[in-house]
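Working notes, structure below.
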């Protein structure tokens with residue numbers, strides 16, 4: 001089995017609707033927001049986990065592709 005390095009993993013996010021929020025969260029003892037973007041329908045963002053980014057939060061309807069598979073986020077009802 002190939003050894004994975006999460007720090008080099010990319011995430012592709014495609015907005016299914018206007019106003020999808022993509023928020024980067026920091027590493028360390030205190031998790032904080034460090035970057036945010038708004039995507040409109042059809043826009044695509046390619047993000048990477050780094051020494052500073054430990055998590056990515058996606059709010060809104062979007063298709064998310066990772067090396068582990070594909071998932072769709074949903075709007076809160």
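Does the stretch 18-29 contain at least one residue that is modelled with pLDDT of 85 or more and either surrounded by fewer than 14 Cβ atoms within 10 Å (Cβ to Cβ) or assigned to a loop (DSSP other than H, G, I, E, B) (or both)?
Within the stretch 18-29, one or more residues are modelled with pLDDT of 85 or more and either surrounded by fewer than 14 Cβ atoms within 10 Å (Cβ to Cβ) or assigned to a loop (DSSP other than H, G, I, E, B) (or both).
Suppose we keep only residues that are surrounded by 12 or more Cβ atoms within 10 Å (Cβ to Cβ) and under 21 Å from residue 75 (Cα atoms) within the stretch 37-54. Which one would you say is modelled with the lowest pLDDT?
Filtering the stretch 37-54 for residues that are surrounded by 12 or more Cβ atoms within 10 Å (Cβ to Cβ) and under 21 Å from residue 75 (Cα atoms), the one modelled with the lowest pLDDT comes out as 47.
Any idea which residue in the stretch 30-77 is nearest to residue 17 (Cα to Cα), counting only those that are in a strand (DSSP E or B), without any contact (Cβ under 8 Å) to a residue 12 or more places away in the chain and in contact with a strand residue (DSSP E or B) (Cβ under 9 Å, 6 or more places away or on another chain)?
71
The values are calculated or read from the model by the stated rules, or taken from the named source; none is laboratory data. Remember, it's a predicted structure, so these values are computed and weren't measured experimentally. Backbone-built Cβ (ideal geometry, glycine too); neighbour counts: all protein chains shown.
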